[in-house]
Each structure stands twice: as C-alpha cells, then as structure tokens.
1. Using a 10 angstrom Cβ neighbour count of at most 16 plus a DSSP loop assignment to flag exposed trypsin sites (Lys or Arg not before Pro), which longest range of the chain is free of such sites?
2. Which of the lysines could a cross-linker span from Lys112 if the Cα-Cα distance has to be under 22 Å and same-chain partners fewer than 8 positions apart are dropped?
3. In debye, nearest 20, what is the charge dipole magnitude of the chain about its Cα centre with +1 on Lys and Arg Cβ and -1 on Asp and Glu Cβ, if you could check?
4. Among Asn198, Asn234, Asn133, which one shows the biggest mean-square fluctuation in a GNM of the chain, springs joining Cα atoms closer than 10 Å?
5. Give the angle, between 0 and 90 degrees and rounded to the nearest 10, that separates the Cα long axis of helix 362-380 from the longest principal axis of the Cα atoms of the chain.
6. What whole number of Å gives the distance from the Cα centroid of the range 144-218 to the Cα centroid of the range 230-272?
7. From the list [x] 63, 47, 35; [y] 79, 45, 39; [z] 63, 62, 42, can you say which value of Cα extents along the principal axes in Å was derived from the structure given?
8. Under 5 Å between amide H atoms, partner at least 5 residues away or on a different chain: which partners does Ala104 have, H built in plane at 1.01 Å?
Amino acid sequence: MNESLRISRQFSQRAVMEAIVQNGPISRASIAKQTGLSKQTISEIVRQLEIDGWVQETGRTSGHIGRSAVTYELIPDAAYIAAVDLGGTKVRVAIADLACQVFAEEVAPTDKRGGRCVVEQIAALCWQAADRNGIPRDRIRMAVVGAPGAPDEATGRILLAPNIPGLDVMNVRDALEAALGFDVAIENDVNLCVIGENWLGQGQGIDNLAYIAVGTGIGGGLMVGGQLVRGASNAAGELGFLPFGADPFDAGSLRYGAFERVVASVGIMERYAALAGVTATVPAIFERAAAGDGHAAQVLDETARYLARGIGAIAAIANPQKVILGGSIGLREELIARVRRFLPQCFPYPIQVEASVLGSHAAIVGATAIGLGQLHNALFGAVTPDSRMSLPPAETVSFREIDQ
C-alpha cells in the first residue's frame, strides 16, 4: 500500500470510529450517511474493528420500513487509561475505560522526597488500582499525568513546581514510561481541570472559559475559542507569578510567585497568625470566620480581594464568559461569595464565577479526555487537521467516581 492510500485508509478508519464513538449504537448505513464513505469501505473497516476487539454488534434497528440493520458500538473495556492527578500534598490515580467509567482509584499522600520516588509511587498506585479491581495490566494503553507547573515537552522535565522537589532536574515522562511500560503524556494539572469542566462540568458549551485552582498553590487553565491555551513553554496560566500581592522582586517570589504567596494556603495562614497572634490551619480559619472571629473574616476578605484582582487580570486579557473555582480553598462557598461581591468593584464587565461541579475529580476527567483523544489518534488513524479530541458526547457519559 503506497503512502497516499495508507493515509486515506487511516482517515477513513478514523471517520468510522468517530461515528461509532459519537453515535453508537449505530448502523453501517448511518455511518455511511455521516462519513460519505462507501458501504463496502465501512463494512471492511467495521469487520476489522470487530476482529481487533474494538467494536461489537449490539442489536438491530427497529421501527423502520424494510429490513432491520445491525448496529455497532464501542467496547468500553477494550482498553483503559491511567489518569493521574499529581499534587503537592496528594497523588490520585484512576483507571478509566473508553466510556469514561472509572473502575479503579487510589489516593495517597505525595512522597515528600519527590523526583524518582514520586515516579515509583505513581507506578505502584497504578498497578495497585488495576490489580485490586481485576483490570488486566496489558489493557492499560497509556497514562495522562496532570502535574503542577509547566511540563517541558523537549526534556520531559516539569518546571515551576516547587512543592514537589526533583521534577525539574529529571525526565519525568521517560521515567514514567519505563516504569509503566506504555506511553505517558504530561499536562499541567489545571489545564486538565478546565478540559474536564468544559467536557462534563460547569463549562459545557462555553468556548471562553477559565478555571482557577486555589489550595497549596494557585494555578489557572484557560480556553479561548474552544481551544486550550498553553503558551510558548506550557506556562500559560501560572497565576502564582502574577506580579502583585507580595513583592514580585523578592527572591521568594521568583521561586513561588508573588501572587501565590498571598492567596494560597501559606499566605492565608501567615496573615491570620500576624493578626490573631496564634496559628491555625486553613480549614480552622474558615471555621473561625463562620463562628464570628473577626481576624479570620478579615483574612478571608483579603484573600477574596486578591483573588478578584487575579480574575480581573485574566478577564482583561482573555475575556472569559465564566470562571470556575476549584481546589481545596477555591471550592469554599464562603470564599466564592466574597469573590462575587468584590469582583464588580475592581472589574467593569460581568463575569460568571462558579464552583467546580467535578471537585477533586476535575483533573481526572480532563486526563481521561486527553487520554481518549490521544488513544483514538494512536489506534484508529491520523490526527484530524484541527486537532480536536474525539470524545463521547457529554449527554452520553455518566462519569462514575469511586468512593474513597
């Protein structure tokens, strides 16, 4: 087969698989209408997909004049994706099938030693999740890892992630592929969150969307015109380095970011200690504010003002229709209510601010979305010209979480 025929075959195969993923169960006649391919080509491709174990017959059409037609759908457990949410305090590994059903999930405190110890921890959690749930290891075809900071595609390093040591001096991607034995993609964790919310969460149908995660650190994911914005070195959305809050010229700001130093957990605790003369955790500060502690309420007001300024900075450049807040701090309704109150005082145009509905699973859903798209490209043909992911429609997906 010459090169042009091979590429043509790839695109035909991809078109058929796209129709089955998006509309299954579906008949070959309906696939022909959607793709414009000949019935013979479709029959050959569907037969091969059946032989390879990717699709199956599901029944026959009914209610139509004439002979009924055989319908086909994707076999969800033909392959699995390991979705990893690597954070400064916790690492979460989930294994999802091709229908975005999560069948295995493990969570553990992130290994404080960082570097290769974290790589080994991710691999161990992946195998633990698979073995506990009877998932054959050889059916896990790829992993997508969401990590704080900026993944460097050329070197496999993860930059700007000071809360997890050692990731900036090693090829994390290659180390994970060696440990797992299959392809690994690394993406910024908050980028995965905005993809997840755009697919199955608060951002469905919204082409201009921002996601801000506030917790141990702060980060942002941004979609403009329906496309994820990564920037020249995958560092778009590193909101911690906005040059206000703390002194941006201070050495600490160069490492952690001036904005992160005031709006994330450490900054909140430091401000409360300075006001109240006692230390408290972030959850305790929220509890004390609810109980009438004036110092705690002041700290939350200040944090919300900083966050409103950060949202205003994003809005001035990218003009999102909606901003979704997530992370252990960003999800707190007490903070969101304050942000909604302060934002109109510093930015003139209306912006919807909502809490994430996917919560701690936003990055996992986004990683599954990336994994489904990349696996589809690898297995079923060439990448489409606009590089859009092939995902099941949101209305057909019932994302199932594993209770922890």
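1. Longest site-free region, per DSSP loop and neighbour criteria: 114-387.
2. Counting by Cα, and skipping residues close in sequence, Lys112 has these lysines nearby: Lys90.
3. 620
4. Highest fluctuation of the listed residues: Asn133.
5. The answer is roughly 30 degrees.
6. Comparing the Cα centres of the range 230-272 and the range 144-218, I get a distance of 18 Å.
7. Here Cα extents along the principal axes in Å agrees with entry [y].
8. Excluding prolines and chain starts, which carry no amide H, the hits are Ile95.
Taken together, the values in this text are just the output of simple stated rules run on the coordinates, not laboratory data. As the structure is a prediction and not an experimental result, all values here were calculated from the model. With ideal geometry, Cβ positions are generated from the backbone for all residues, glycine too; neighbour counts draw on all protein chains shown.
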